Amino acid sequence: MLWYQAFMPYLPEGGTTRDYRGIRIFKCPSYPNKQQVICYVINCWYFQSMKDTGGTDLYAPTPLSRVDRPSETVYLADNEDGSWRPIVKGYQDAELFLNDVWHPTHLPSSNARDTTYGRRVAKNRHLGGPDALYFDGHSGWVKAEKMTADMWREVWR
C-alpha cells in the first residue's frame, strides 16, 4: 500500500482506491500542473546507523519510536514538478511508487532528471525551496541548498 492510500479512509473527502482526483488534501495550490493529485513525497529513507551515509529504500512502515529527532526529521515535502516526474490521478496511473525519498539524488540540490534517481523534492516551488512537514507535526520552508540527507535521517545513534 502506498503512503497516500493508507490515509484515504480517514480523509473528509473520502477517496477511492481507483480515482484520487476528489482528494484535495494532497494537492499543493502552488503545484504547476493542476492535474497532479499527489503533490508531496514521503520519507522512505532507511539508515542503519550514524555510520550509514547513503541509506536505502524502506519498504515497510517505521515505528514512530524509531525517529530519534522528530522535530528535525522530514516526514513529507513538496513534490518536484519536472518532466521526469509522474502525474498521479488514480490507481491506474503508471509509476505510482515514485512519491518517496530514499536517495541523495532525490533532494533539491540534485540535477538528476530520471524517474528512479531524479530529483523528487521540489527545488524552486516556494521561493527557492520546498515546504516540509516534520515528524513532530510542525512544518516549515527549507532553502533548497540547505536540505541534506541528515534531515531525512531517523536514526542518530
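What follows is calculated from the coordinates using simple rules that are stated; it is not laboratory data. A quick note: this is a predicted structure, and the numbers were derived from the prediction, not measured. Cβ placement follows ideal geometry from the backbone for every residue including glycine, while neighbour counts extend to all protein chains displayed.
Listing for the model above:
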{"quantity": "Set LYS89/LYS123; LYS34/LYS143; LYS34/LYS146; LYS89/LYS143; LYS123/LYS143 screened for pairs whose C-alpha atoms are more than 20 Å apart", "calculated": "LYS89/LYS123; LYS34/LYS143; LYS34/LYS146; LYS89/LYS143"}
{"quantity": "Under 5 Å, built H, 5+ apart or other chain: amide partners of ASP19", "calculated": "TYR91"}
{"quantity": "Under-5 Å amide H pairs with TYR40, H placed in peptide plane, nonlocal only", "calculated": "ASN79"}
{"quantity": "Alpha-carbon radius of gyration plus Dmax, which is the widest Cα pair, for segment 87-150 in Å", "calculated": "12.7, 36"}
{"quantity": "Disulfide-incompatible cysteines by the Cβ rule (no partner under 4.7 Å) in the chain", "calculated": "CYS44"}
{"quantity": "Cβ-derived FRET efficiency at R0 22 Å, GLU95 paired with LEU11, nearest 0.05", "calculated": "0.45"}
{"quantity": "Relative contact order %, the chain, counting alpha carbon pairs below 8 Å whose residues are six or more apart", "calculated": "26 percent"}
{"quantity": "Coil-residue GluC sites (Glu not before Pro) of segment 1-99, DSSP, other Cβ within 10 Å capped at 16", "calculated": "GLU13, GLU72, GLU95"}
{"quantity": "Cα-based Rg of the chain normalised by 2.2 N^0.38 Å, two decimals", "calculated": "0.99"}
{"quantity": "Extension gain from ILE25 to ASP52, taking 0.36 nm per residue of separation minus the Cα-Cα distance", "calculated": "6.3 nm"}
{"quantity": "Dipole axis of segment 24-68 (+1 Lys, Arg; -1 Asp, Glu on Cβ), positive-most option in TYR40, TYR59, ILE25", "calculated": "ILE25"}
{"quantity": "Residue-span extension gain [TRP84 to ARG66] - 0.36 nm each, minus C-alpha spacing", "calculated": "3.2 nm"}
{"quantity": "Order of LYS34, LYS123 under a 10 Å beta carbon neighbour criterion, fewest first", "calculated": "LYS34, LYS123"}
